[in-house]
Amino acid sequence: MRRYVLSALALSTMLASPALAIDFASPQADRRARVEFQIGVDLVQHQKFDDATAHLDVALAQFPDDTDILKYLGFAHRMIAKNREGTSHDSELRLANAYYIRALDIDPRNREFLEYMGELYLEMDDPAAAGAKLAALTRHCPNGCQERDALATAIAAYKPPPPPVHAPAELAPPADN
């Protein structure tokens, strides 16, 4: 009897274990990820970027190398950054950068991602890095292409941020002596 109770207890523990909840590429999980992706895309198209990222993250967990998901996540985080300040702004831009880098690791010649990364670098106030992406686009489409032209226009229109305003000396904290 004791052996039966221990076996039942072990079985119930295994069934309650989170390890059994892991779904290894079942068709149902694929379907759910696709639905989550579509919801995320719809939210991005309706400019609900904060809401979109959670749905896109679910899709990315199922399809980690899908460049379309990475594109929408990068774009959503760039747009979220526009409404943030300070470290929150910088964190969103770093997230967008990470998604674009990952997409370029998968498809290094993707002109769309080269353009998006160049634009992101301008948002990060790094025109030299944006210029490097423009050079890469020029190599990939020497006769011109929409992505190269768009990035060249963005670089030409780039204006560096004004220098930070410092407090006048009389408002500055006293120096320690």
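Some observations on this one:
- Restricted to the stretch 151-166, and to residues there that are more than 24 Å from the chain's Cα centre (by Cα) and either among the polar types (S, T, N, Q) or farther than 30 Å from ARG111 by Cα (or both), the residue that is surrounded by the most Cβ atoms within 10 Å (Cβ to Cβ) is HIS166.
- Selected residue (only one of ASP65, ASP51, ASP30 is among the acidic types (Asp, Glu), farther than 19 Å from LYS82 by Cα and assigned to a helix (DSSP H, G or I)): ASP30
- Any hit, the stretch 155-176, residues being modelled with pLDDT of 95 or more, closer than 20 Å to VAL44 by Cβ and not β-branched (Val, Ile, Thr): no
- Residue in the stretch 102-116 that is modelled with pLDDT under 95, among the polar types (S, T, N, Q) and in a helix (DSSP H, G or I) present: no
- Residue pairs whose Cβ atoms lie under 9 Å apart, sitting 6 or more positions apart in sequence or on different chains, and linking a residue in the stretch 83-101 that is within 15 Å of LEU122 (Cβ to Cβ) to a partner that is of a type in the set (Asp, Glu) and crowded, with 16+ Cβ neighbours inside 10 Å, are LEU93/GLU123; ALA96/GLU123.
- Residue within the stretch 136-151 that is modelled with pLDDT of 95 or more, acidic (Asp, Glu), closer than 30 Å to LEU56 by Cα and assigned to a loop (DSSP other than H, G, I, E, B) present: no
The values are calculated or read from the model by the stated rules, or taken from the named source; none is laboratory data. This is a predicted model, so every value here is computed, not measured. Don't worry about glycine lacking a Cβ; one is built from the backbone with ideal geometry, like all the others, and counts go over all protein chains shown.
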